[in-house]
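A short worksheet on the structure shown next.
The numbers here are math on the coordinates, done by the rules we state, and not lab data. This one's a predicted model, so the numbers in the text were calculated from it and none came from an experiment. Neighbour counts are summed over all protein chains in view; Cβ atoms, including those assigned to glycine, are modelled from backbone coordinates with ideal geometry.
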Amino acid sequence: MNGITVASQGNLKDSQLLNNLYHSILQHNSQHAFNFLVFDNGMTSGQRLRLLKLTRKFENCTHLTFIGAATNPKKRHPILSPDRFGYDSGQYLNYLSRVLYLDQHLLCTNNLAPLWQFELGGKTLAVNQPHLDAQVILLDLKRWRRQKIAQQVAALTPDFVSHYRHHELAVLEHVLANQWALLSTAHCLCSQAQA
């Protein structure tokens with residue numbers, strides 16, 4: 001799939017923030033095509049339709065796809081959970097080699113191409129904070145699948161459940177130790193609260 005692939009979580013409470021984020025991306029990056037993946041955590045059909053209108057409003061919005069609905073919309077699901085980017089995440093993601101996750105609380109203020117083209121240097125991912133619960137994650141999906149990250153996380157999860165409150169992230173940080181780089185995003189993204 002050509003263009004820049006951006007993934008975000010969509011939920012009932014923050015759908016307008018997600019709309020604002022995607023609108024700002026498309027507005028500041030008219031020279032690039034975008035494919036948006038929304039991990040649907042309980043959005044209404046009206047909220048999904050509002051987002052889909054972006055494909056008609058902006059020529060550079062080539063695809064907007066909603067992926068799965070979480071079984072429990074009130075539970076926070078980490079974006080890097082193995083069922084999202086793992087071998088069992090659905091045929092759609094298996095065709096992607098790279099994805100840029102952006103938290104719905106962000107706004108785009110400039111060209112995202114340098115962020116998308118960031119050289120990972122053999123790392124599985126790059127984040128904008130020194131931990132995996134980051135607002136910006138650039139993920140090499142080919143490497144993720146080749147290293148069988150989803151299977152490693154699934155095998156270790158039972159050992160972490162009783163020891164860590166947020167065991168999903170603890171397992172991921174253990175499996176991905178030393179496999180991520182730091183990104184600088186100040187040139188192209190800001191918090192919607194700052195805007």
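Between V99 and L139, L141, the built amide H atoms are under 5 Å apart, and every one of these is 5 or more places off in sequence or on another chain.
Remark: relative contact order (the range 105-163) = 21 percent; criterion is Cα-Cα distance under 8 angstrom and separation of 6 or more residues. Applied to the range 126-133, the Karplus parametrisation 6.51 cos²θ - 1.76 cosθ + 1.60 on θ = phi - 60° returns per-residue 3J(HN,Hα) values of 10, 10, 8, 9, x, 8, 7, 8 Hz, with x for Gly and Pro. In order along the range 46-55, phi translates into HN-Hα couplings of x, 5, 5, 4, 4, 5, 4, 4, 4, 5 Hz, rounded to whole numbers, per the Karplus curve 6.51 cos²θ - 1.76 cosθ + 1.60 with θ = phi - 60° and x for Gly and Pro.
Stretching the chain fully between A155 and A186 yields a gain of 7.5 nm (0.36 nm per residue, less the alpha carbon separation). In this structure, R50 and S97 have a Cβ-Cβ separation that, at R0 = 45 Å, corresponds to a calculated FRET efficiency of about 0.90. Taking a straight line from the alpha carbon of K13, these aspartates and glutamates sit under 20 Å away, with near neighbours fewer than eight places off in the same chain left out: D40, D103, D133.
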